[in-house]
1. Pop the C-beta distance of Arg142 and Thr192 into the FRET formula with R0 = 25 Å and round what comes out to the nearest 0.05.
2. Distance from the Cα centre of segment 42-84 to that of segment 173-223, in angstrom?
3. Could you list, in their original order, any pairs among Lys162/Lys221; Lys53/Lys156; Lys156/Lys221 whose Cα atoms are separated by more than 25 Å?
4. Would any residue of segment 28-42 have its amide N under 15 Å from a label point 7 Å out along Cα→Cβ of Lys79? List them or say none.
5. If each Cα of segment 12-57 is one equal point scatterer, what is log10 of I(q)/I(0) from the Debye formula at q = 0.16, 0.26, 0.32 Å⁻¹?
6. Residue separation times 0.36 nm, minus the C-alpha to C-alpha distance between Thr165 and Asp33: what's the value?
7. Once the piece of chain linking Thr200 and Thr68 is laid out straight, how much longer is it, given 0.36 nm per residue of separation minus the C-alpha distance between them?
8. Given points 7 Å out from each Cα along the Cα-Cβ axis, report the Ala133 to Leu182 separation in nanometres with one decimal.
Amino acid sequence: MEDLKESLAFKGVAERLTLGITRILENMPGVVDVRFVEREPAEKRSLLSWEQKNTCILPEDLRDFYLTTDGFTLTWSVKLDNECVPLGYMMINSVARLCPLLQPVSLFSLPNAPSLVDLDWEENNTESGTGHAPTAPHFDSRSRIFELDSCGGNGKVCLVYKNCTAGVVAQKSEIWFLDRSLCWHFLTATFTSYYRLMITHLGLPEWQYAFTPYGPSPQAKQWASLYQPLTFSSELSLADPAGDSHLNKLDPIKAFKGKAKVPAPKKKQSAQSSLGSTAKTQVVGTGRQIGAKR
């Protein structure tokens, strides 16, 4: 009886954690094998140890999240030709795996080996944001970056503390996306907002690239248009209000309109035949004149 109560209590917590997305996914056509990994809450001492080790204060919403569950993993697949193909993947690293993106330099590394810090050589471009866009993080000591999600190798979602000073505890954080070309893209100002974005996008492949100027790959767009048509269409309209000007637009009326028949050019033989007929008449006339003289 107690086990039944505990299972029901955990089911209620899991339902609140996933915002009911598991039930929605199970009712979608073709979706199979929806799995939510159960995890125990993180201990307060582990959170305090992380803050002391990294000289950062965890945001209040992320702290409450870890005190509810030590990380988050939800996966789902689709059935294609009687085979289960993994598609959706939502993940938040545990406290133990919330590691710095920039690891300390190894003693065995070459002295002149390039690193991510070398990307911050353009001081003017990195310090000044474009318009109302926030300033991008730095790869050097001015920012403290921790990996929240590896995105299946398509980039990294990071918890970023900017404008840091050595020996001073950092408090204000943001959520940023680092793509595979090592360019930063702002996602949200709070962890709660990012968590809702992740749930809303169903963990589809490359959904973070919807917040970049170039967007996800064509294959990822096909999956999004199939399982997330409303959000996918609204994101396209927000990204390009005038429409996709870079795409080739086909006008079926012009493309399949019957071509008008071009009149065939006159053959040169007609001109030659007319010349030949005049020559014959001249020859015949000349012959008649000669016969009359005789």
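The values are calculated or read from the model by the stated rules, or taken from the named source; none is laboratory data. The model shown is predicted, which means the values in this text are computed figures rather than measured ones. Every residue, glycine among them, receives a Cβ derived from its backbone with ideal geometry; neighbour counts consider all protein chains shown. In case anyone asks, the SASA skips ligands and DNA or RNA and just uses the protein heavy atoms, side chains included. Shrake-Rupley method; radii C 1.70, N 1.55, O 1.52, S 1.80 Å.
1. 0.45
2. 18
3. Distance filter (> 25 Å) returns Lys162/Lys221.
4. Residues 28-34 qualify, since their backbone N sits under 15 Å from the label point.
5. -0.63, -0.92, -1.11
6. 42.9 nm
7. Full extension of this stretch gives 45.5 nm more.
8. 1.8
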